[in-house]
């Protein structure tokens, strides 16, 4: 990996801000737009589901930076970050337990995928053997290293799971193509997939290990890969669990090592949001979000995008049209499927995840992990 590649992944610390607790409700006109596009049922979903209660910071007892986050429920969440740190809560963030793998202080965890309160898989990034995968089946009391990257040319960024058994992890291009790891046993073992169905990477192109969202899935077979650093910010899509891929340009600017698509979220196999920009805090990030309604074959720029670089994005459950985007300078809310965004919190977060029971979690620098619940629509 070149020095530019290293710099791209050692992300600059963002601006810290105090999280505000505020009740937010979908404006009538936004709910109306959702109803016009999706019918009365979707309008009722938007009105009833997108009242968001605001972030509430929890006390983690560490200053590690958390870019990996797995929200299981309103009670259970996992966070993975710098210095080999992994935390777990089972009481909604009232307390956090340090469940870091033994001897992992020299590793940088950037992604965690959790199946429940006991089973989770974490990914460490870096060149060569620094890229590793660990799995626990006892809530982090013990960990098993299930993969250690033997290729000094590979640099793994993100992973995703389709279900409790099948998952993928992705590396930056090796020999001109992204490398994909596959597991069929819940992360206990991994194999490199053939690259015959992978399109060529652009010169300078790579993924961003910024939020654990550069590789995401929806349903049993569909998966998307976000890129930056090349001439354009692209999203690659596979409908067969990573065997064959198609690449599509997005409207999110790239062209430099610090710019591109950083995070993806799909609420089903067709509807997705891409966020990104330029992570350098002194650089503007116009067109920092885009949406798709056709599984990523085409992307449309958000009419009113977030005002700055955003690294993480998540759909609010049971709304059909509401989502949150986070970055070092704040949290933004959309209530119309990603077409328009407004800033609702100035706090610094790198990643965000929401659960089927209606809870959302965010994590970032200086040990920051926050939880939110849906507020009551008014």
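In this structure, residue 303 qualifies as within 20 Å of residue 341 (Cβ to Cβ) and more than 15 Å from the chain's Cα centre (by Cα). Only strands (runs of 3 or more DSSP E) whose full extent lies in region 289-337 are considered here, and the ones with at least 1 residues that are closer than 17 Å to residue 253 by Cα are 289-292, 312-315, 323-327. Here residue 152 clears all of (1) in contact with a helix residue (DSSP H, G or I) (Cβ under 7 Å, 6 or more places away or on another chain); (2) in a strand (DSSP E or B) except the condition numbered (2). The set of residues in region 300-319 being more than 20 Å from residue 212 (Cα to Cα), surrounded by fewer than 23 Cβ atoms within 10 Å (Cβ to Cβ) and touching a residue at least 40 places away in the same chain (Cβ under 8 Å) consists of 300, 301, 318.
Taking the listed residues 147, 155, 162, the one that is surrounded by 15 or more Cβ atoms within 10 Å (Cβ to Cβ) and within 24 Å of residue 361 (Cα to Cα) is 162, with no other qualifying.
Filter region 98-117 down to the residues that are loosely packed, with under 15 Cβ neighbours inside 10 Å and touching a residue at least 40 places away in the same chain (Cβ under 8 Å), then identify the one that is farthest from residue 76 (Cα to Cα). Top of the filtered list is 102.
Does region 340-350 contain any residue that is over 17 Å from residue 285 (Cβ atoms), under 16 Å from the mean Cα position of the chain (by Cα) and surrounded by fewer than 24 Cβ atoms within 10 Å (Cβ to Cβ)? No, region 340-350 contains no residue that is over 17 Å from residue 285 (Cβ atoms), under 16 Å from the mean Cα position of the chain (by Cα) and surrounded by fewer than 24 Cβ atoms within 10 Å (Cβ to Cβ).
In this structure, is residue 257 in contact with a helix residue (DSSP H, G or I) (Cβ under 9 Å, 6 or more places away or on another chain) and in a loop (DSSP other than H, G, I, E, B)? Against the criterion (in contact with a helix residue (DSSP H, G or I) (Cβ under 9 Å, 6 or more places away or on another chain) and in a loop (DSSP other than H, G, I, E, B)), residue 257 qualifies.
Applying a threshold of 7 Å to beta carbon distances and a minimum spacing of six or more residues, or different chains, the list of pairs starting in region 62-86 at a residue that is at negative phi and ending at one that is modelled with pLDDT under 95 and assigned to a strand (DSSP E or B) reads 71/359; 73/359; 74/359; 74/373. Within region 81-109, the residues that satisfy the criterion of being more than 22 Å from the chain's Cα centre (by Cα) and either at pLDDT below 95 or within 23 Å of residue 208 (Cβ to Cβ) (or both) are 104, 106.
The values are calculated or read from the model by the stated rules, or taken from the named source; none is laboratory data. Just so you know, these numbers come straight off a predicted model, no measurement behind them. In this analysis, Cβ positions are derived from the backbone assuming ideal geometry, glycine residues included, and neighbour counts consider all displayed protein chains.
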